[in-house]
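Comments concern the structure below.
The values are calculated or read from the model by the stated rules, or taken from the named source; none is laboratory data. Since we're looking at a predicted model, the values are computed, not measured. Cβ sites come from the backbone with ideal geometry, for glycine too, and all protein chains shown count toward neighbours.
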Amino acid sequence: MISTTNVVEELIKKAPFLETAMAEDLVNYSSLARYLKPEIEKRLFKDIKEGAIIMALKRASIRLKSTIPKSNEILKNLGDITIRSNLIDYTFLNSPTLGDAQNKILEATAGRKDIFMTVSHGISQVTVIASEAVEKDIKEIFKHETAICSISDLSSLTIRIPEEATKTPGVLYSILKVLAWEGINMIETISTYTELTIILGTKDIERAFSLLKNT
């Protein structure tokens, strides 16, 4: 039989920001209980006392505090943050010849430490993010491919994550949440074992850097 606690936990899981707010004691339980009450009663087909919902919320918050890491604890242990500017983003439809084009652009930029270059594969698309300095190379090498999107005036933040933090649930979420809450649009995210690179509009890069360093 479904209980009030079951429904409360299900509703919380569907709202990740709410999970974090509860884990960090940023929620007024009485107000939240009143907000959730109509939906809970709808699912249980009966009237539910507000006090029962508050108790279910408090039990859920205890669990969340033990499973969701505090944002500040994660952010204060981040490693160096590196900024790169003057980046471009091209997305192409997948094709039988796209692999050859990808190899050619990687060969053309191999060994050039001044160049940022990353290639991401999706099911039907491939995205190339690179320094503006190689845009002519990209256009020439991929000229027979179908470009579906191109974005310029981009910059990147590359965050070094301590190796021990890679085993902590919610690390990437905690980093990205800080930017999302401030309304900063993230164009792309690229991750490796101990690095997270976030591609942003150049207009947002200074504010994003400040948020991650000072939160």
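The table below gives the values:
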read-out	value
Residues within the range 186-215 that are of a type in the set (Val, Ile, Thr), closer than 20 Å to Leu87 by Cα and in contact (Cβ under 8 Å) with a residue 24 or more places away in the chain, tallied	7
Sole residue being among the β-branched types (Val, Ile, Thr), over 11 Å from the mean Cα position of the chain (by Cα) and at negative phi, chosen from Val134, Val178	Val134
Only listed residue being under 19 Å from the mean Cα position of the chain (by Cα), part of a helix (DSSP H, G or I) and either aliphatic (A, V, I, L, M) or under 25 Å from Ser191 (Cα atoms) (or both), chosen from Ala52, Ala101, Ala21	Ala21
Residue in the range 61-78 that is of a type outside the set (S, T, N, Q), at pLDDT 90 or above and either assigned to a helix (DSSP H, G or I) or loosely packed, with under 11 Cβ neighbours inside 10 Å (or both) present	no
Condition check for Gly183: without any contact (Cβ under 8 Å) to a residue 60 or more places away in the chain and on the phi > 0 side of the Ramachandran plot	yes
Candidate set from the range 130-143 (those that are touching a residue at least 24 places away in the same chain (Cβ under 8 Å) and part of a helix (DSSP H, G or I)); member that is surrounded by the most Cβ atoms within 10 Å (Cβ to Cβ)	Ile138
Evaluation of Tyr90 against (1) closer than 30 Å to Asp204 by Cα; (2) in a helix (DSSP H, G or I); (3) aromatic (Phe, Trp, Tyr) (one fails), failing number	(2)
Sole residue being surrounded by fewer than 13 Cβ atoms within 10 Å (Cβ to Cβ) and in contact with a strand residue (DSSP E or B) (Cβ under 8 Å, 6 or more places away or on another chain), chosen from Thr158, Thr127, Thr146	Thr146
Only one of Lys113, Lys177 that is farther than 14 Å from Ile81 by Cβ, part of a helix (DSSP H, G or I) and modelled with pLDDT under 95	Lys177
